[in-house]
Every structure is written in structure tokens, then in C-alpha cells.
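Data first, discussion second: the structure below is written as C-alpha cells.
The values are calculated or read from the model by the stated rules, or taken from the named source; none is laboratory data. Everything quoted here is computed from the prediction, not taken from an experiment. Virtual Cβ from ideal backbone geometry, glycine too; neighbours counted across all protein chains shown.
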Amino acid sequence: MLCVPTTDSGHSDSSDGEPGCGIGRSSPVLIDDEVSLLRSVLSECVPSDHYCVTCVRDLSPAEVMARLGVADQDPYPRCTPEEAVERFDLDVPAVRVHHEGDWVFVLEVNSQLGVTFKPQMLARLSEGSEAVSAQQLLDSTAKVAHARQGELLATYIDWHFEPPSGKDPSRLNRALTQVGFFREENEDSDEWEASKMILVAVEREFGLTVSPEVVNGPLPTAVLPYVKAPAPPREPLQRKPSADGSVVPKLQAEQARNDDHEDGR
């Protein structure tokens with residue numbers, strides 16, 4: 001077995017792991033020839049140059065829809081990928097939803113928005129469960145995040161050239177290492193693509209199975225509520241000295257000038 005050192009504590013979270021590998025016997029690091037043969041089934045369900053897929057374990061589609069905030073849209077229209085693109089503008093956060101095995105797959109129509117990849121959404125989806133999300137931005141980087149029990153555990157952004165970071169990056173680190181991430185020879189390879197290998201990594205690590213012929217057909221489709229960023233904290237009121245040496249709030253001085261202008265003085 002080819003053993004590639006991990007970037008976390010170096011200890012396996014599997015009791016039967018091999019010393020020094022940081023991974024269990026059931027999930028060996030693959031050698032180059034094996035990696036080159038890997039294919040992602042999820043990649044057959046998304047465009048070749050962009051995607052945002054979020055997978056939630058052990059919840060029903062109805063529960064996922066409720067956590068997405070779209071339960072009131074039931075009954076949902078059923079759209080193929082092409083129909084969804086034609087139906088929704090680029091700034092509309094629409095998703096198509098598919099249930100297979102233990103997982104519900106949420107596929108964003110416009111992957112650039114990445115609404116389901118956002119930490120607050122992953123935390124909500126993973127409460128009492130687990131969620132993993134992968135995003136490939138158009139002409140940009142690939143990302144993956146892992147959440148469990150309402151908490152974001154780890155995030156990996158390929159362009160950062162750094163291992164996964166977060167409270168517990170062990171599973172993402174293991175998943176990515178197994179398929180060739182963090183190896184110099186793959187960084188400049190024309191045959192090894194991070195965006196595709198991220199999908200391979202999450203499929204292998206989390207046991208994702210999906211039927212492309214079903215996913216590429218009509219699926220329940222909904223429009224997500226817009227997720228607003230929290231308002232920035234207000235800055236302390238700036239003060240400046242007045243002509244007589246006392247301190248006058250800057251806002252008060254500006255308001256006085258505005259009043260003078262309105263009165264024509």
C-alpha cells in the first residue's frame with residue numbers, strides 16, 4: 001500500500017488503521033494507476049465546468065425541503081436540468097432534489113450562487129444528521145465542506161493549496177488524500193482534475209450512490225429563500241472638536257449643514 005502522510009494529527013479515526021497512515025485499512029490511499037481509473041458518478045449528473053451539489057444523510061426529501069425553507073411550494077414542479085435553466089434567471093437560487101439510498105441530493109440550478117454551500121445552510125441541513133457539499137465555480141476553484149449535527153466541521157478550497165481546515169477536518173483530509181490531493185505531481189497534471197476528483201473523494205468517503213439517468217430527468221424543483229448576510233456592526237460615532245473647543249458629534253454637525261441647505265440659509 002502506498003501511504004501518504006496526513007496533515008492533521010496523523011492518527012487514524014479507525015481502530016484498525018495502519019500506523020503512520022492516518023487512515024483505516026478499509027480506505028487505502030490509491031496508487032497512481034488506480035487513481036487514474038477513478039470516475040465520478042456525480043460528474044455525470046452535473047455540467048462539466050461548474051456544479052454545486054449538497055448531500056444530506058438520513059433525512060426524507062420533505063424534511064430537506066422544510067430545512068431549505070421551501071415546504072410551502074409543494075407540489076413542486078418537476079424539471080430536467082435544461083428545463084430548470086430555461087425557467088429560472090441566473091440570479092434565482094433554484095434547486096432540484098433527488099433521494100437515493102441514505103442521501104438526499106440537492107443540485108443547484110445556478111451553481112455560482114452556492115446557497116446550499118454556505119455555512120449557515122449546511123449547519124441547518126446537518127442538524128441531527130450529516131451533510132457534505134461540493135462546489136465548482138465556473139472558470140474558478142473547486143470547494144468541499146463537511147457538516148454534522150448542526151456544525152460545520154471542515155472546508156477545503158483547492159486554490160488555497162492548503163489542507164482542509166476546521167474543527168474536525170479528518171474525514172475530508174482522508175477523502176482527498178486517498179484520491180491524489182496534496183501530491184505535487186498532480187498539481188500540473190492534465191489528466192488529474194481537482195473539480196472531478198473532489199466528487200470522487202466524497203462519493204468514496206461518504207458512500208454516495210446516484211443514478212445519472214434519474215438525476216438528469218425531471219426532479220422536484222424549488223426556489224430557495226435568499227440568504228442575507230448579517231448586517232455589519234455599527235461603528236462608534238466619530239466626534240470632532242467644535243470651534244469653541246468643545247466636542248460635538250460629527251453626525252450632529254453634518255445634520256446642521258443639511259438643515260441650513262434645506263432652509264436656504
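How many of the residues making up segment 158-189 are crowded, with 16+ Cβ neighbours inside 10 Å and either under 12 Å from the mean Cα position of the chain (by Cα) or hydroxyl-bearing (Ser, Thr, Tyr) (or both)?
Final tally of qualifying residues: 2.
Return yes when Leu237 is modelled with pLDDT of 70 or more and either on the phi < 0 side of the Ramachandran plot or in a helix (DSSP H, G or I) (or both) and no when it is not. Quick ask: steps written out before the conclusion?
Details: modelled with pLDDT of 70 or more: no; either on the phi < 0 side of the Ramachandran plot or in a helix (DSSP H, G or I) (or both): yes.
No; evaluated as a whole, the condition is false for this residue.
Of a type outside the set (A, V, I, L, M, F, W, C), out of contact with any strand residue (DSSP E or B) (no Cβ under 6 Å at 6 or more places or on another chain) and surrounded by fewer than 19 Cβ atoms within 10 Å (Cβ to Cβ): is that true of Asp102 in this structure? So that I can check it myself, show each step before the final result.
Numbers: of a type outside the set (A, V, I, L, M, F, W, C): yes; out of contact with any strand residue (DSSP E or B) (no Cβ under 6 Å at 6 or more places or on another chain): no; surrounded by fewer than 19 Cβ atoms within 10 Å (Cβ to Cβ): yes.
In short, no.
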